[in-house]
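First up is the structure itself, then whatever we jot down about it.
The values are calculated or read from the model by the stated rules, or taken from the named source; none is laboratory data. Just so we're clear, the structure is a prediction, and the values are computed from it rather than from any experiment. Heads up, the Cβs are rebuilt from the backbone with ideal geometry, glycines too, and the neighbour counts pull from every protein chain shown. When the accessible area is computed, the model is the full protein with side chains, heavy atoms only, and any ligands, DNA or RNA have been set aside. Shrake-Rupley method; radii C 1.70, N 1.55, O 1.52, S 1.80 Å.
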Amino acid sequence: MRIPPRSILADFLKLGRTSNEVGCGGRAASRARHGIRGVYSGHGLEAAVLNIRSVGCNQLHSMTTWAPFAIGHGYHSDVRAGENTGKERIAVIGSGNWGSVAAKLVATNALSHENIHDEVRMWVFEETLANGEKLTQVINKNKINVKYLPNVNLGVNVVADPNLENTVKDATMLVFCTPHQFVESICKQLQGKVNPNAKAISLIKGMEVKPDGPVMLSKLITKHLGIDCSVLMGANIANEVAMEQFSEATVGYKADTSIAKSWVQAFATPYFHVAAIKDVEGVELCGTLKNVVAIAAGFVDGLGMGNNTKAAIMRIGLKEMIGFSKLLFPTVSDATFFESCGVADLITTCFGGRNRKVAEAYARNGGKRSFDELEAELLGGQKLQGVLTAGEVFQVLKARNWEKKFPLFATVHKIAIGHLPPSTIVDYDNESAQKLHRNPSVGVIG
Ligand SMILES: NC(=O)c1ccc[n+]([C@@H]2O[C@H](COP(=O)([O-])OP(=O)(O)OC[C@H]3O[C@@H](n4cnc5c(N)ncnc54)[C@H](O)[C@@H]3O)[C@@H](O)[C@H]2O)c1
Ligand SMILES: O=P(O)(O)OC[C@H](O)CO
């Protein structure tokens, strides 16, 4: 990868920073403490990042990203093994492709940070493998999730647990990472079972729609469990992060910067850079809505259309993501769409994601084979989020009479349920959409 010269990167970081971002430096110090050797150690990028961070290390609301370092705020007691260590204890709820990578990331940091208990418990939706063994037993024996993340060592300190209640027992930091359709039932099972002082983070890209409107999953988690819930989204194809290829992610937090710092500390590594911004809804909607655009991108690929068409679909999709997010939550910041959770995730998903892949197969088959059938055939048990999300978004469009404002979203849903042929992905009436898409201040005509 080509690293930008120091001055260009510094300018970029400055430009990208907004008043709702927080952060603090300390990567080099942290690495020195924990013996972590950064992938860019001694390189211009590292120097530039440190240079920028050093300006405002103690000034919240001035930094984009900060690295893992010990943070002295009230930790809850750790009593799992009869000990009272005063350390954070992390549990991961979910063990699919990304859930397993999340466990690997936090397990690395659990070992290298003194304020986090070494053991990371990971809840596994138990299943029996073809050889008759239980998935949890195989994970605990080899430290590899052979079904959802083969060939990747999760870490000696990851313990797979089929018991949801036991997984969260005594945990002070709960990482939610299951396909979004299972979250509500998991939360109901966890009611009254989690430490009331725990904090949660959702890595789940999706939302629920209730009779009185859409509900983001972070809110659903808070509603059911009564605990704070941040989100982590980004351009993060799990298999690439698992191979420790350089990636970025965005934490969206509500208000408490110490909570945001705890999550950054739990996830950030030298190859996984994490920025935190005070825009939970914006970050979560980026991760949720890009999956709908990825389905559209897959249709374009399956129809044999070229890069220009895909770029056009992505541009329109991004506009609809921004418009929809801001209509739902006027507080959503424009700057959020320029973080990893926004345009970067849109790009990676539209080129390399599972939603794109299955949608391509759907269009190639002329819509004659269902998404369920193709998902089972192509993903080996992994789950698509985009088709369900397109349906959920469509419910909102119908309920609020917004269908004409979001023709791409509406068309994706209609194609996915077989009401329109895949070719209509570039054949919708976007007259009213143009009012939303075009910014009069830049003088676009036609
Ligand atoms: N995979 C990625 O590259 C990636 C990256 C970033 C975010 N995400 C998001 O992470 C979330 C989780 O995705 P993933 O990739 O970890 O999962 P996955 O799609 O790889 O795996 C599906 C998981 O669902 C579990 N499951 C199946 N039936 C279940 C049930 N009834 N109840 C509970 N669990 C059940 C399976 O055991 C498995 O762990 C999704 O919202 C996804 O959008 C994924
Ligand atoms: O493989 P997808 O389409 O579920 O996308 C994976 C991630 O969300 C990419 O960041």
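Just a few scattered comments:
- Residues located in region 259-277, provided they are part of a helix (DSSP H, G or I) and closer than 18 Å to residue 117 by Cα: 259, 261, 262, 263, 264, 265, 266, 267
- When residue 103 is tested against (1) part of a loop (DSSP other than H, G, I, E, B); (2) among the small types (Gly, Ala, Ser); (3) within 19 Å of residue 241 (Cβ to Cβ), exactly one condition is not met: (1).
- Note on region 189-235: residues that are within 16 Å of ligand 2 (Cβ to nearest atom), touching a His at 6+ places or on another chain (Cβ under 8 Å) and open to solvent by less than 30 Å² (accessible area, probe 1.4 Å) total 4.
Residues are listed down the side, and each one gets a yes or a no for (1) among the β-branched types (Val, Ile, Thr); (2) surrounded by 21 or more Cβ atoms within 10 Å (Cβ to Cβ); (3) touching a His at 6+ places or on another chain (Cβ under 7 Å):
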site	(1), (2), (3)
146	yes, no, no
158	yes, yes, no
166	no, no, no
177	no, yes, no
187	no, no, yes
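- Filter result for residue 373 (free of Cβ contacts under 8 Å to residues at least 12 places away in the same chain, of a type in the set (Asp, Glu) and away from ligand 1 (no atom under 14 Å from the Cβ)): yes
- One residue stands out among those in region 392-420 that are away from ligand 2 (no atom under 16 Å from the Cβ) and of a type in the set (Gly, Ala, Ser): the one that is surrounded by the most Cβ atoms within 10 Å (Cβ to Cβ), which is 410.
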